[in-house]
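Okay, so here's the structure we're looking at.
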Amino acid sequence: MDIDDPDLPAKVRAGWHGMAVEYGLLDDDREFLLWVDYSDPEDVDREWEWARVRLLDEWDLGGGDDGPLPRWMRFYMGRRFVPEFTVMSLDGRLLMNTTLWGNGMVSTIVICPSRLLP
């Protein structure tokens, strides 16, 4: 998706959720692990840990220009908000990352080694 696309938040949400369901990120309770930065934003040393979370209906992972996500999950390109976050299934079988690339494209990738095994 292009960062200038006016439907970027909706497309990020739909794409992320579709991939989360297709690849089995969510368990029966819609829980997964989220890579969280617990450090103070002004600290040089980062404190990253996995946090167990549940996807609620009111979550807005795609956000908007003033999205509800915490600062560590946001990246701004000009004045446009773009979500950046990494998640993992509870069983550790897959990892997903949503990011902004240097060319202004936003994408979600899935790393699922178990799909490669016979």
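The values are calculated or read from the model by the stated rules, or taken from the named source; none is laboratory data. Here the structure is a predicted model, which is why all the values come from computation and not from measurement. Positions of Cβ are generated from backbone atoms using ideal geometry, with glycine treated the same way; all protein chains shown enter the neighbour counts. The protein model used for the area step is the full one, side chains on, heavy atoms only, and it has no ligands, DNA or RNA in it. Shrake-Rupley method; radii C 1.70, N 1.55, O 1.52, S 1.80 Å.
Could you calculate the contour length gain from residue 114 to residue 45, that is, 0.36 nm times the residue separation minus the distance between their Cα atoms, to one decimal place in nm? Intermediate values should be presented prior to the final figure.
Numbers: separation 69, 0.36 × 69 = 24.84 nm, distance 3.31 nm.
Full-extension gain reported as 21.5 nm.
Show me the ranking of peptides 10-21, 45-56 by mean Cβ neighbours inside 10 Å, starting with the highest.
Values: 10-21: 16.1, 45-56: 10.8.
Top to bottom by mean Cβ count within 10 Å: 10-21, 45-56.
May I ask you to compute the full-extension gain from residue 54 to residue 107, defined as 0.36 nm times their residue separation minus their alpha-carbon distance, rounded to one decimal in nm? Write down the numbers at each step before the final one.
On the way: separation 53, 0.36 × 53 = 19.08 nm, distance 2.21 nm.
Full extension from residue 54 to residue 107 adds 16.9 nm.
How much accessible area does residue 114 have with a 1.4 Å probe, in Å² rounded to the nearest 10?
It works out to around 40 Å².
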